[in-house]
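**Student:** Quick one: the structure is below, and I'll ask about it shortly.
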Amino acid sequence: MSEDKPKVSSPPDIAAGLAAVTNALKHVFVKMGVVRGTRGLLNLNQKEGIDCQSCAWPDPDSRTINEFCENGAKALADEGTTKRIGGEFFAEHSVNELSVRSDHWLNDQGRLTEPLVLREGSEHYVPISWAEAFKLIADKLNSLTAPDEAVFYTSGRTSNEAAFLYQLFVRQFGTNNLPDCSNMCHESTSVALAESIGLGKATIRLEDFEKTDLVIVIGQNPGTNAPRMLSSLRSAKLAGARVIAINPLKEAGLTSFVDPNPQHYGNPFSGPLTLLRGKATTLADLHLPVRIGGDMAVIKGLMKVLLERERVEPETVFDHDFISAKTDGCSDLIESIDVTIWEDILESSGLIREQINEAAEMLLNARSFITCWAMGVTQHTDAVATIQDIVNLHLLGGAIGRPGAGLCPVRGHSNVQGDRSMGIWEKMTPLFRENLEREFRFSAPEHDGLNTVESIAAMADGRVKVFFAMGGNFAAASPDSGAVTAALQKCDLSVQVITKLNRTALTPGKTSLILPCLGRTEIDRNADTLFRMGDARHRRCRPEASSLSRPRVRC
Ligand code: SF4
């Protein structure tokens, strides 16, 4: 049962370049074939094409022919692979045997082709008809004593349309148990920004990178989690901006970058030449090797230097007009900066005073600046407070809501933001509930549902008996795999709507269903038939019984 041993080499100090091009093409052509692969790449992130299902980096208004990165190409190839697995594969491989395989090997087995069921006490998944699968789910859901005995997880790859219908189905069933992958990535951003500025999203547009004087990248490695961001950082640099990287590690993607997109160079010749010569653009002008969890201390230190300068040269650092017109609580902030002593700042950040001073000088020389962050900031216990201090740093200088200035939380999953806007959230807002009830004429559950961590606890202690996942790989993505595995296996029924085999399918409830689905890069050729049959445009969804009794799920 040998699997490829990982190859260990010294880390590269230049990101992307020719290697990114060859890697991307190799993956796509090997998995999809040259013709299908080329067609896929030429459609990737194009206006009439396919939205990359990998990360959430936005697309520019004017697209280049190859508007994708190595990760995007790999994600396309991963979904477009010609490999297929179905009943025969699972007849040959038991769940136990498969569970010792790596996640990479499992994923590499290919696309799932038919619905599969693992019945209680059985060792092998076997084919099941769609009708029988839906009936099995409906019977189980209807047998629950309360809708809250089921949780409905969502992965950020779910499209807006599917996400909206899914939350409608779940809420008509009678629960808000809608945990999603955002609970584990940028939940702290959504909470922090909603409290600080009333909007849980980025405040800048892509073109702001070419209008800014400074970009602060904190707790993020764009080279791996949003590679096309490197092109935006390069454009910022070419437009005269400077970059500060705040990260325990000196990542290649924050150091220097060879843009593999020939159309990002002025003329058609310099692109290929630069690629061949590997002429890199230096990205970070300053790298602050902060201690893990030390981000808030760095931001506090920066604000402390700015405050000291403001006191020495009043009205030269803080934007008092903006502060008095657009903010409140500034005096509390000033007080909190004053009581924060340098010893604590340096101890927590792991930096020396000179490093923070240097970064503050770059801030003082910037009329506008953008701060980007990801899970290096969001996945800490004090993440909400750290993100609110990042906001405070911007509010002090009025660096928000104007060209080249603002906040840029960089989300991981491609549609995690869209899903939230579609209502995938265990905390439904009163306005959303009101509109949902009016539009679909049913009374939606009022009490908040369970988020990811709460769902794991509820599965573990038996309060939840059904786990339903729209995409994703819950067992691998959630914290504490041991606890998640035990919790999932306590469920009476686990259901996964997925494109490929994954760890969660091998961590089944007593009965487990795998329902294969199409991916983002595919068009449902059957859609027309289904649509004509459903004719949903003309018929409002109605629960089978009146809104007072618990709606029954019909298959
Ligand atoms: S940057 Fe993200 S969205 Fe863009 S192609 Fe790469 S993986 Fe896809």
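The values are calculated or read from the model by the stated rules, or taken from the named source; none is laboratory data. All values derive from a computational prediction rather than experimental measurement. A quick note on method: Cβ atoms are made from the backbone with ideal geometry, for glycine too, and the neighbour counts reach across all protein chains shown. Heads up: the accessible areas ignore ligands, DNA and RNA and are worked out on the full protein's heavy atoms, side chains in. Shrake-Rupley method; radii C 1.70, N 1.55, O 1.52, S 1.80 Å.
**Student:** Are any residues in the stretch 56-73 within 10 Å of the ligand (Cβ to nearest atom), open to solvent by less than 30 Å² (accessible area, probe 1.4 Å) and either hydrophobic (A, V, I, L, M, F, W, C) or farther than 16 Å from ALA20 by Cα (or both), and if so, which ones? Break it down stepwise before answering.
**Tutor:** Residues of the stretch 56-73 within 10 Å of the ligand (Cβ to nearest atom): 56-59, 66-73.
Subsequent filtering for residues that are open to solvent by less than 30 Å² (accessible area, probe 1.4 Å) retains 57, 67, 69, 72-73.
Across the stretch 56-73, the qualifying residues are TRP57, CYS69, ALA73.
**Student:** Checking ASP480 against (1) touching a strand residue (DSSP E or B) at 6+ places or on another chain (Cβ under 8 Å); (2) modelled with pLDDT under 95, which test does it fail?
**Tutor:** (1)
**Student:** Of all residues in the stretch 80-92 being of a type outside the set (S, T, N, Q) and open to solvent by 20 Å² or more (accessible area, probe 1.4 Å), which is nearest to the ligand (Cβ to nearest atom)? Show your work before the answer.
**Tutor:** So the first thing to find is which residues in the stretch 80-92 are of a type outside the set (S, T, N, Q), and the list is 80, 83-92.
With open to solvent by 20 Å² or more (accessible area, probe 1.4 Å) added as a condition, the list becomes 83-84, 88-89, 91-92.
Details: LYS83: 22, ARG84: 25, GLU88: 33, PHE89: 29, ALA91: 36, GLU92: 34 Å.
Per the stated criteria, the residue is LYS83.
**Student:** Checking ILE50 against (1) more than 19 Å from ASP259 (Cα to Cα); (2) among the aliphatic types (A, V, I, L, M); (3) within 16 Å of the ligand (Cβ to nearest atom); (4) surrounded by fewer than 18 Cβ atoms within 10 Å (Cβ to Cβ), which test does it fail?
**Tutor:** (4)
**Student:** Is it the case that THR282 is within 22 Å of THR386 (Cβ to Cβ), touching a residue at least 40 places away in the same chain (Cβ under 8 Å) and polar (S, T, N, Q)?
**Tutor:** Details: within 22 Å of THR386 (Cβ to Cβ): no; touching a residue at least 40 places away in the same chain (Cβ under 8 Å): yes; polar (S, T, N, Q): yes.
Considered against the rule, which asks whether it is within 22 Å of THR386 (Cβ to Cβ), touching a residue at least 40 places away in the same chain (Cβ under 8 Å) and polar (S, T, N, Q), THR282 comes out as no.
**Student:** Still on this structure, please answer the following. Would you point out which residue out of LEU283, LEU273 is among the aliphatic types (A, V, I, L, M), surrounded by fewer than 20 Cβ atoms within 10 Å (Cβ to Cβ) and out of contact with any His (no Cβ under 8 Å at 6 or more places or on another chain)? Spell out how you get there, then give the answer.
**Tutor:** Values: LEU283 fails: surrounded by fewer than 20 Cβ atoms within 10 Å (Cβ to Cβ).
Residue meeting the stated conditions: LEU273.
**Student:** Continuing with this model, one more query. Tell me, yes or no, whether the stretch 31-42 has at least one residue that is part of a loop (DSSP other than H, G, I, E, B), at pLDDT below 95, farther than 30 Å from ILE128 by Cβ and of a type outside the set (Lys, Arg).
**Tutor:** Pass one, the stretch 31-42, residues part of a loop (DSSP other than H, G, I, E, B): 33.
Checking which are at pLDDT below 95 leaves us with none.
No, because not a single residue in the stretch 31-42 is part of a loop (DSSP other than H, G, I, E, B), at pLDDT below 95, farther than 30 Å from ILE128 by Cβ and of a type outside the set (Lys, Arg).
**Student:** Can you spot a residue in the stretch 3-13 that is among the hydrophobic types (A, V, I, L, M, F, W, C) and at pLDDT 90 or above? Explain how you work it out, then say what you get.
**Tutor:** Taking the stretch 3-13 first, the residues among the hydrophobic types (A, V, I, L, M, F, W, C) are 8.
Then drop every residue that is not at pLDDT 90 or above, which leaves none.
Checked the stretch 3-13: no residue is among the hydrophobic types (A, V, I, L, M, F, W, C) and at pLDDT 90 or above.
**Student:** Looking at VAL243, VAL217, which one is in the same structural domain as GLY398 (by TED's automatic domain parsing), within 16 Å of the ligand (Cβ to nearest atom) and buried (at least 20 other Cβ atoms within 10 Å of the Cβ)?
**Tutor:** Working: VAL243 fails: within 16 Å of the ligand (Cβ to nearest atom).
When all the criteria are applied, what remains is VAL217.
**Student:** Looking at PRO179, is it open to solvent by less than 20 Å² (accessible area, probe 1.4 Å), farther than 26 Å from PRO445 by Cβ and not assigned by TED's automatic domain parsing to the domain that holds GLY72? Don't jump to the end; show me each part of the working.
**Tutor:** Values: open to solvent by less than 20 Å² (accessible area, probe 1.4 Å): yes; farther than 26 Å from PRO445 by Cβ: no; not assigned by TED's automatic domain parsing to the domain that holds GLY72: yes.
Answer is no for this residue.
**Student:** Among the residues of the stretch 113-126, write down those that are open to solvent by 70 Å² or more (accessible area, probe 1.4 Å) and touching a helix residue (DSSP H, G or I) at 6+ places or on another chain (Cβ under 8 Å). Outline the logic, then answer.
**Tutor:** Within the stretch 113-126, the first condition is being open to solvent by 70 Å² or more (accessible area, probe 1.4 Å), and the residues that meet it are 113, 119-121, 123.
Result: GLU123, single match.
**Student:** In the list SER190, SER196, which residue meets the criterion of being under 20 Å from the mean Cα position of the chain (by Cα), outside any loop (DSSP other than H, G, I, E, B) and polar (S, T, N, Q)? Full working, then the answer.
**Tutor:** Details: SER196 fails: under 20 Å from the mean Cα position of the chain (by Cα).
Only one candidate passes the filter, namely SER190.
Here is a yes/no grid of residues against (1) surrounded by 16 or more Cβ atoms within 10 Å (Cβ to Cβ); (2) closer than 30 Å to SER10 by Cβ:
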{"position": "GLN263", "(1), (2)": "no, no"}
{"position": "HIS287", "(1), (2)": "yes, yes"}
{"position": "ILE323", "(1), (2)": "yes, no"}
{"position": "TRP342", "(1), (2)": "no, no"}
{"position": "ILE352", "(1), (2)": "no, yes"}
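**Student:** A follow-up question, please. Mind listing whichever residues of the stretch 366-381 are surrounded by fewer than 24 Cβ atoms within 10 Å (Cβ to Cβ) and in a helix (DSSP H, G or I)?
**Tutor:** Across the stretch 366-381, the qualifying residues are MET375, GLY376.
**Student:** Restricting to the stretch 382-410, give me the number of residues that are open to solvent by 30 Å² or more (accessible area, probe 1.4 Å) and farther than 21 Å from ASP321 by Cα. Break it down stepwise before answering.
**Tutor:** Pass one, the stretch 382-410, residues open to solvent by 30 Å² or more (accessible area, probe 1.4 Å): 382, 384-385, 388, 392, 395, 401-403.
Next, only the ones that are farther than 21 Å from ASP321 by Cα stay: 382, 384-385.
Adding up the residues that qualify gives 3.
**Student:** Show the residue pairs that are 6+ apart or on different chains and have beta-carbon atoms under 9 Å apart, the first residue being within the stretch 192-213 and not assigned by TED's automatic domain parsing to the domain that holds HIS264, the second being crowded, with 21+ Cβ neighbours inside 10 Å and in a helix (DSSP H, G or I).
**Tutor:** No pair meets every condition.
**Student:** Which of the residues spanning the stretch 15-71 are closer than 22 Å to ARG157 by Cβ and charged (D, E, K, R)?
**Tutor:** LYS31, ARG36, ARG39, LYS47, GLU48, ASP51, ASP59, ARG63, GLU67, GLU70
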